[in-house]
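Let me begin by presenting the structure, written as structure tokens, before commenting on it.
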Amino acid sequence: MDTASTLSSPPDAAQELLQLRARAADVLDIAGSESDAQGETIQFSGRLRVASGDAFSRLKRMFGEVGFFPLLRDGPSAGESIIVAVRGSLTQSAAGRAWVNALLFGVTLFTVTLGGGSTLSMMRGDDAPTWQNVLANGIPFAIGLMLILGAHEFGHYLQARRHGLPASLPFFIPMPFGLGTLGAFVRMRGAVENKRALFDVAVGGPIAGLLVAIPMFIGAILEPALSGQPLPNTRSLLAEGLIGLFRPEASLLGIEVTPLLFAARIGLVLTAMNLLPLGQLDGGLIAYAALGRRRAYWLGWAVLIGLCGIAVVTRSSIWVIWIAFALLSGASQATPLDDVTPLDHRRNVAFLATTALLLTLFTARPF
């Protein structure tokens with residue numbers, strides 16, 4: 001019995017290893033390699049010979065020729081990189097049933113009309129709102145809020161498609177109480193290629209939503225009468241700035257709440273909360289792309305502790321709900337295939353601008 005031949009890899013596996021090693025050596029000074037028992041993943045470590053972005057582009061093409069796709073990671077030592085060849089293909093489809101999206105949209109429009117209409121009627125002093133009052137308040141509120149939520153999700157959708165990531169149409173989530181919805185989401189299939197794509201997909205939603213919410217807020221503050229009440233303590237810096245610019249006489253007074261004004265305020269608050277650098281929230285993905293896994297992880301915990309402090313001081317249940325939502329959505333982010341290549345200068349500037357935007361939108365007392 002030939003022990004050496006029994007323990008050696010099958011000829012096809014050995015050939016695959018040689019082919020992958022030669023391709024990895026095109027971009028990496030290989031210092032070591034290992035593979036799993038089934039040959040489904042093969043790892044090479046060493047120092048990159050070319051820029052990480054160029055290395056990943058080459059590996060994606062070359063590994064694909066032999067039925068693998070690459071992962072690029074930082075190694076345990078400074079300057080060391082790890083290339084992982086994974087058997088399989090990344091080609092996926094986000095095809096779905098459009099009638100499901102349309103049905104959820106219709107149901108959510110109905111629940112938001114009822115929930116928002118009832119809430120607005122009570123806010124405006126109607127202790128026993130009639131159907132006429134609920135619909136009169138609820139229909140414009142629902143249209144305004146659904147436009148903001150839809151724009152947000154289509155911002156994610158368009159950026160995902162721009163980067164070749166299959167994405168579904170938005171799924172709206174109806175809720176039979178409160179304002180009538182838990183928001184919406186876009187389902188994405190496959191892995192994000194690099195941090196730049198992750199940043200674009202994450203930031204695309206809040207920016208698109210604000211492109212609807214801010215003009216809606218400006219238009220809404222021009223119409224209603226001043227309430228004559230003292231200045232409310234719920235305005236963000238952005239809201240204060242817009243009111244001072246477009247309705248300066250309202251800077252020291254409250255404004256009567258209208259359906260579109262309420263929808264715009266909800267949109268601004270939801271955008272601020274989504275931009276918080278926590279887990280799977282848009283802000284968490286943005287922070288991961290800009291700062292890296294370790295820094296984003298510790299920043300997320302710092303923000304979470306800060307929110308707990310705000311919840312205690314303000315005694316606001318909204319922060320308890322949002323903290324729970326952030327934790328339930330997941331504390332970790334999906335790792336891009338290329339987790340080494342950093343953001344470019346343009347996206348780093350956009351990250352700083354997004355951070356400044358969060359600071360202007362955030363308020364400890366949203367309502």
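Identify, please: which residue in segment 9-48 is basic (K, R) and more than 33 Å from the chain's Cα centre (by Cα) and is, among those, surrounded by the most Cβ atoms within 10 Å (Cβ to Cβ)? Outline the logic, then answer.
Of all residues in segment 9-48, those basic (K, R) come to 21, 23, 47.
Now restrict to residues that are more than 33 Å from the chain's Cα centre (by Cα): 21, 23.
Values: R21: 15, R23: 23.
For segment 9-48, the residue satisfying everything is R23.
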Quiz item: helices (runs of 4 or more DSSP H) wholly in segment 258-367 with at least 1 residues that are more than 29 Å from I221 (Cα to Cα) and in the same structural domain as L210 (by TED's automatic domain parsing) - which ones?
Solution: 282-291, 293-314, 317-328, 345-361
Quiz item: Does any residue in segment 351-367 that is at negative phi and touching a residue at least 24 places away in the same chain (Cβ under 8 Å) come within less than 7 Å, Cβ to Cβ, of a residue that is hydroxyl-bearing (S, T, Y) and part of a helix (DSSP H, G or I) six or more places away or on a different chain, and which pairs are these?
Solution: L361/T271; A364/T314; R365/T314
Quiz item: Taking strands (runs of 3 or more DSSP E) that do not extend beyond segment 21-130, which have at least 2 residues that are at pLDDT below 90?
Solution: 28-35
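Yes/no matrix, rows are residues, columns are (1) farther than 25 Å from V201 by Cβ; (2) within 21 Å of the chain's Cα centre (by Cα); (3) not charged (D, E, K, R):
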| site | (1), (2), (3) |
| --- | --- |
| A239 | yes, no, yes |
| I243 | yes, no, yes |
| E256 | yes, no, no |
| F262 | yes, no, yes |
| D282 | no, yes, no |
| W301 | no, yes, yes |
| W319 | yes, yes, yes |
Self-check item: Failed condition for R315, given (1) among the basic types (K, R); (2) at pLDDT 90 or above; (3) more than 21 Å from E193 (Cβ to Cβ)
Solution: (2)
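Scan segment 196-252 residue by residue and report those that are free of Cβ contacts under 8 Å to residues at least 24 places away in the same chain and outside any helix (DSSP H, G or I).
Once the filter is applied, which keeps residues that are free of Cβ contacts under 8 Å to residues at least 24 places away in the same chain and outside any helix (DSSP H, G or I), segment 196-252 yields L231, P232, S251, L252.
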Self-check item: Test result for L210, surrounded by 17 or more Cβ atoms within 10 Å (Cβ to Cβ), out of contact with any strand residue (DSSP E or B) (no Cβ under 9 Å at 6 or more places or on another chain) and modelled with pLDDT of 95 or more
Solution: yes
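The values are calculated or read from the model by the stated rules, or taken from the named source; none is laboratory data. Note that the structure is predicted; figures quoted are calculated from it, not measured. Cβ coordinates were reconstructed from backbone atoms using ideal geometry, including for glycine residues, and neighbour counts include every protein chain displayed.
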